[in-house]
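Have a look at the structure below, then the notes.
Read-outs: derived from the displayed coordinates by stated rules, not from any lab. As the structure is a prediction and not an experimental result, all values here were calculated from the model. In this analysis, Cβ positions are derived from the backbone assuming ideal geometry, glycine residues included, and neighbour counts consider all displayed protein chains.
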Amino acid sequence: MYLMESTEEGRRLLAQEGASGYVRSVLVATGLQPGARALDAGCGPGGISETMAELVGPAGAVVGLDLNEERLREARARNAHRPWVRFAQADVRRTGLPDASVDYVWSQYVFEYLPDRPVALAELMRVTRPGGRVVVSDIDGLGFQNWPFPEHLRVGTQRIVDALATRGFDLHVGRKLFSEFRSAGLQDVRVHLLPYYLVAGAADERLMKDWEIRFAALEPVAAPAFGGHAPYQEHCREFLRMLADPDGFKYAVTLVTEGTRP
């Protein structure tokens, strides 16, 4: 279940993809090549699909899958001038694609929402040809790497994480994927650690907006853990003030796990 949906989610995702700065190099480093048949599993508004399409070129093909029809409309509009890219509404656990039909699979910020990750990983392996690459990019510990980090803010942040866990969300999914890839039978499994954000001083407007949208979208799930909307909103305001502190240091990481289908 995707917990972040809002009217601003498409813009947030595109801004997040654009701010990362590493996607193109990681796609290449993990095996995406010109002419490849590639899958973007959980494509959102199609920003990464666009980069994948540029890398594979017209001799290749990109399929983007997402459950949200609004995100798919955005993705189709963004990639309308590339006939070698197509989008479909599907769950990453049930793609509907033929066996061994792609050379390369990318999935970013999706596995954190899946309590049945082995099912999703098995499906991505099924659609990948032998010798092809499966790559999953996800967070690990988002929101906890701050200093100074007042104890009441740490406790409040943990309340949010615990509330999300009841909906199947795993904040620490990134560190678990290496062993899960190996257990699934993937070979040559490697992990890349990359910055999600790295801020020495005050966070910029983009990151502040990212957190504002995140907090608003999560309020229905998280507010009961604080005893109501008012104390939850106060926690969010204090967290944002911490991000804006020019004397503070904040960072978060993305872990990219890749493996070869035997």
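The table for this structure:
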{"item": "Cα-derived Rg over Rh, computed across the range 144-247 with Rh taken as Kirkwood radius", "result": "1.04"}
{"item": "Reduced Cα scattering model of the range 72-202, Debye log10 I(q)/I(0), q = 0.11 Å⁻¹", "result": "-0.53"}
{"item": "Ordering of 240-246, 117-123 by packing [mean C-beta count within 10 Å, highest first]", "result": "117-123, 240-246"}
{"item": "Charge dipole (the chain, unit charges on Cβ, about Cα centre) - positive-most of Tyr113, Ala244, Ala184", "result": "Ala184"}
{"item": "Relative contact order, percent, the range 9-260 [alpha-carbon distance under 8 Å, six or more residues apart]", "result": "19"}
{"item": "Per-residue [θ]222 nm for the chain (sum of -39500 (n - 2.57) over DSSP H runs n ≥ 4, rounded to 500)", "result": "-13000 deg cm²/dmol"}
{"item": "Between the range 92-108 and the range 196-238, the Cα center-to-center distance that results, in Å", "result": "34"}
{"item": "Volume in Å³ per residue [convex hull over Cα atoms, computed for the chain]", "result": "114"}
